[in-house]
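Coordinate-derived values only; no laboratory data. Note that the coordinates shown come from a computational prediction; the quantities given were computed from them, not determined experimentally. Glycine gets a Cβ as well: all are built from the backbone with ideal geometry, and neighbour counts include every protein chain shown.
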Amino acid sequence: MARDDITAEQLRDVLGYDPSTGVFTWKKPSGHRAAVGTRAGNPGGRDSWLIGLFGRKYHARRLAWLYVHGEWPAGNVVPRNGDGTDARIENLREETAGATARRGKIRSTNTSGLKGVSWNSEKGKWIASFTRNYRRIFLGVFDTPGEAAAAYDAAVSSDVPADVGTLMPRHPSETRRQRWARYETIQRAPHLVGWDSLDAFLAEMGEPPDADHVLMRVRHSAPIGPGNATWRLPWKREENGTVAAKRNYHLGRFGLSDGDYKRMLAAQNGACAICRRAERQSQKGTLKQLCVDHDHATDQPRDLLCTACNAMLGLVGDDPWLLRTAADYLERHRALQADPAPDNVVPLTKKDSA
Ligand SMILES: [Zn+2]
């Protein structure tokens, strides 16, 4: 149905409305069929009268409310006499969405014959849920349809039941697609990040360090979930922009804070611990930051390295013997080029087993 977007002035400009009959008539020609002075709109199913305006369809009841009161109704506009096509102003009253749901009809696709209650063949139990603000709120799993119906009634009797139950995933695959989540989302729906319950989640992850932290994956190759989640600051919320935030994202792996990184950087005078030079590589026009080098066996952080030196350690697999013999190799060849006499040749170093 149309959003409430036109103003009372626009409405009154194109349509006339008789509050005693509830009938709208065209003041201006509209389209090829509606002549000035004729009744506007058509029956919309059993229970409403719809009027097309500016390319959209509106309920006559809502338009009548706007016409008379000058503003759109906050809730639903329901007919006192039960006839949805009767748009006389005295027949109309405003009602909250929750109240409409309590009165409403059972959907044709309902499997239980009870409102808000459905049979879950997978669990072999009854599930109670209701919809609020376009999201399905899960109220729980029950052994009997009566218990489920009672849960539904209790939830719907409140007009602000935002905190009862949890959000249901729209589709099972949604669980797989979640890449990060705010704590508020996790509190409502821990299954979206792979935990069965909030208690289980809190037992493993605990609460976020502060309200800005979000749950993110550690390994990007796998979905978020138990064993693959950590609290981190989202990149875009960092005040220093993407670079610092990305850096912090990686720092989190080693339990380091932004302050720890700055202290390490100051201790190294901003230079790589191996080549003693500043970072030289840039990404998307921004100079990279020195990386936190870490021991791959223990995952312990070491010092800050430039991208090139960090890559070098990676290529040799952190093998000191390989680096020494490579150094010897380079020096041997330099020495040979300078003086091709055999006694200048540096002997090959043996790899010791320690
Ligand atoms: Zn370096």
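In table form, for the structure just shown:
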quantity	calculated
Net charge dipole size for the range 2-95 [Lys, Arg +1 and Asp, Glu -1 on Cβ; Debye, nearest 20]	360
The range 176-218: trypsin sites (Lys or Arg not before Pro) in DSSP coil with no more than 14 other Cβ atoms inside 10 Å	Arg179
Those aspartates and glutamates that a straight Cα-Cα span of less than 18 Å connects to Lys123, excepting residues fewer than 8 apart in one chain	Asp143, Glu147, Asp196
Distance (nanometres) between label positions extended 7 Å along Cα→Cβ at Ala338 and His220	4.5
